[in-house]
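I have placed the structure first, in the form of structure tokens, so that the comments after it can refer back to it.
Values in this text are rule-based calculations from the coordinates and carry no lab data. This structure is a prediction, so every number in the text was calculated from the model and none was measured. Counting neighbours? That spans all protein chains shown, and the Cβs are built from the backbone with ideal geometry, glycine included.
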Amino acid sequence: MENNRKKVLVVDDQAIIRRVVRAYLETVRGLEVSEAENGLEAVKLLLTSDFDLIITDMIMPEMTGLELLGYLKSDAKLAVVPVIMLTSQEDEPDRRKAVSLGVKDYLIKPFNPLAIKAVVDRCFPKD
């Protein structure tokens, strides 16, 4: 039987953030979640798996969230995957840069789980 659950990739160098987001997505929304510690690790996963949503931090070692967005935008297949930026970067230039690269939503850490719920609900409306 084919698995029809939506797949989400959570990219953040902080394990606690990945765990919190994963717990919500799996338990409350029933989504399939994969994790990456940085953009480079995310790219490796994107080469072998398809995802319906990417939630990424901005500031990470190896490859930042903005660099990951640039990579996604340069690939026709990946450019259509919605991306949520979950970051501690509150600066307006950072937000504008992320939006110019195609971010669907921009959430500031620390975040309220209800904020995650709202953006995920917009990406995956319940039937």
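A few notes on this one:
- Fraction of the pair-distance distribution of the stretch 23-92 above 21 Å, Cα-Cα pairs, percent: 24 percent
- Relative packing of 80-87, 110-117, which averages over residues the other C-beta atoms within 10 Å, highest first: 80-87, 110-117
- Label zone at S49 (point 7 Å along Cα-to-Cβ), backbone N below 20 Å, the stretch 83-127: 83-86, 120-121, 123-124
- Modelled FRET efficiency - R0 35 Å, E92 with N4, Cβ distances, 0.05 increments: 0.35
- Here r is the Cβ-Cβ distance between V20 and S100 and R0 is 30 Å; the resulting FRET efficiency, rounded to 0.05, is 0.60.
- Calculated FRET value between E32 and K109, using beta carbons and R₀ = 22 Å, to 0.05: 0.40
- Lysine pairs with alpha-carbon atoms under 18 Å apart, the chain, spacing 8 or more or separate chains: 18
- Radius of gyration over Kirkwood radius for the stretch 1-58, both on Cα atoms: the Rg/Rh ratio is 0.96.
- The charge dipole of the stretch 4-92, taken about its Cα centre with unit charges on the Cβ of Lys, Arg, Asp and Glu (plus for the first two, minus for the last two), comes to roughly 520 debye.
- Dipole-positive endmost among L78, G30, S100 within the stretch 7-123 (Cβ charges, Cα centre): G30
- Relative contact order (%) - the chain, alpha-carbon pairs under 8 angstrom, separation at least six: 21 percent
- Spatial extent of the chain: Rg and Dmax, with the Cα atoms as the point set, Å: 13.5, 46
- Shape analysis of the stretch 60-127 yields a ratio of the Cα radius of gyration to the Kirkwood radius, Rg/Rh, of 0.98.
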